[in-house]
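Take a look at the structure below.
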């Protein structure tokens, strides 16, 4: 049988309690922000996460998430920003390598660079990323010198 882990304890300062109370009562603030403030206030009062979820009208997971975020980041933890999606796999250094390779001549037997050629020459950079980067930079490597 699984044991239920203890909820993250929260101790509020007088200033935090005051700020959270104002935020929780605000009619002009966003509903989400008011809900998060109520979660933090109730957690500071020692209320169980399940009871908070029932009182606030959210899932247990939501109540737990905002309880933990508040415990770690305090008031800043109640904001929406950050922690969405995976970390970018490629950065500016990869973009610079793609551009540097475009300044060189293509391999023997090829008139122009292509996405798959660039990917093969660079090694660890996926061809789909190369195509996306080239489109974003408005660089056409489709073979402008074809024909003739």
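Residues of region 33-54 being out of contact with any helix residue (DSSP H, G or I) (no Cβ under 8 Å at 6 or more places or on another chain) and either part of a helix (DSSP H, G or I) or loosely packed, with under 13 Cβ neighbours inside 10 Å (or both), which ones?
45, 46, 54, listed by residue number.
Regarding residue 57, is this residue closer than 13 Å to residue 12 by Cβ and either over 16 Å from the mean Cα position of the chain (by Cα) or surrounded by 12 or more Cβ atoms within 10 Å (Cβ to Cβ) (or both)?
no
Restrict the check to region 129-139 and report whether at least one residue is surrounded by 12 or more Cβ atoms within 10 Å (Cβ to Cβ) and at pLDDT below 90.
Yes, some residue in region 129-139 is surrounded by 12 or more Cβ atoms within 10 Å (Cβ to Cβ) and at pLDDT below 90.
Step by step: first the residues of region 84-116, then only those that are within 30 Å of residue 65 (Cβ to Cβ) and in contact with a helix residue (DSSP H, G or I) (Cβ under 8 Å, 6 or more places away or on another chain), then the one that is surrounded by the most Cβ atoms within 10 Å (Cβ to Cβ). Which residue is that?
90
Report yes if residue 36 is touching a residue at least 24 places away in the same chain (Cβ under 8 Å) and more than 24 Å from the chain's Cα centre (by Cα), otherwise no.
no
The values are calculated or read from the model by the stated rules, or taken from the named source; none is laboratory data. Source: prediction; values computed, not measured. For neighbour counting, all protein chains shown are included, and Cβ atoms are generated from backbone atoms with ideal geometry for every residue, glycine included.
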